[in-house]
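Right, one structure below, let's go through it.
The values are calculated or read from the model by the stated rules, or taken from the named source; none is laboratory data. Just so you know, these numbers come straight off a predicted model, no measurement behind them. Cβ placement follows ideal geometry from the backbone for every residue including glycine, while neighbour counts extend to all protein chains displayed.
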Amino acid sequence: MAISKDIQIISFLERHQVLSVNELSELIGCAEMTIRRHLDSLEERNLVVRRHGCAYLTNDAKPTIFDEQIKLNSREKFLIAHEASKMIRPNSTICFDSGTTIHRIVNLIDPNIRFTAITPSLPFATELAKLGNVKIIMHSGTLNKNNLTLEYAPDILQKKINVDISFISCRSFKAPNGTYEHTDTLIANKRWFANIGKKTVLLADSSKWLKRSVQLCVSLKNIDTIITDSKILDEDVNLIRKLGKEIIVVSDVG
């Protein structure tokens, strides 16, 4: 998959914090005018800030740190995870993407259910191992130290596996397009999960509908069900249903 210049810029800013247009031009290997054009676009989407000829990431665009992210929207994540846990059936094979909402599922799984779990998430696999009836499959890859996730090697992403449900997460979501990310290696993981699952379920709390990101990851046409919380706008719920997709809105009430 070709890496867009937007993603390359964000990746270098993640590594170096602050870079000039000239430095980005040399790192990426393109003209300064091209860098300025992409920075204009990223600034319009509130992903970078530009000061005195340099650029740095906004809070929305900074790397997701697992231990920090899991504390945000905690109640909403619990409710979404609880709804998702009901979908796990005996003897099924389930893909669990990385993500703090998905991580919440592990404590809600019926310990008597036997099933197979495929996950790139080290924290999720560690917790899942405490359940004696679960077979855990972890494929090889490179560890992303921010979210403690394995970024799968290309040969893994070519495999065809029979999966009943793929639970996926996202950096941001926009209807009618789909999910968005700005880490290219995570994009590959998520697309693979969506492709191999008989059913793909997106877990996205309402804050994900307000964020912006760089590159389309999983198209809405490849998502069967969305589970979100009651802070979502009614117009977004109606749009998803109009597009023929199932959306489950969870709340404390009822």
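Is at least one residue of segment 200-222 of a type in the set (S, T, N, Q), farther than 19 Å from Ala117 by Cα and free of Cβ contacts under 8 Å to residues at least 60 places away in the same chain? Yes, that holds for at least one residue. Considering only residues in segment 222-246 that are among the β-branched types (Val, Ile, Thr) and in a helix (DSSP H, G or I), the one that is surrounded by the most Cβ atoms within 10 Å (Cβ to Cβ) turns out to be Ile240. Taking segment 179-221 as the range and being crowded, with 19+ Cβ neighbours inside 10 Å and either more than 13 Å from the chain's Cα centre (by Cα) or assigned to a strand (DSSP E or B) (or both) as the test, the residues that pass are Thr179, Tyr180, Glu181, Gly197, Thr200, Val201, Leu202, Leu203, Cys217, Val218, Leu220. Considering each residue of segment 102-114 in turn, none proves to be assigned to a strand (DSSP E or B) and either at positive phi or surrounded by 17 or more Cβ atoms within 10 Å (Cβ to Cβ) (or both).
For segment 125-178, a residue qualifies if it is over 21 Å from Thr101 (Cβ atoms), part of a helix (DSSP H, G or I) and over 17 Å from the mean Cα position of the chain (by Cα), and the qualifying residues are Ile156, Gln158. Whether a residue is surrounded by fewer than 19 Cβ atoms within 10 Å (Cβ to Cβ), of a type in the set (A, V, I, L, M) and not assigned by TED's automatic domain parsing to the domain that holds Leu47 was assessed, and Ala175 passes this test.
Exactly one residue among Leu220, Leu150, Leu210, Leu216 is modelled with pLDDT of 95 or more, in the same structural domain as Ala117 (by TED's automatic domain parsing) and not β-branched (Val, Ile, Thr), and that residue is Leu220.
For the criterion of being buried (at least 19 other Cβ atoms within 10 Å of the Cβ) and within 21 Å of His182 (Cβ to Cβ), Gly141 fails.
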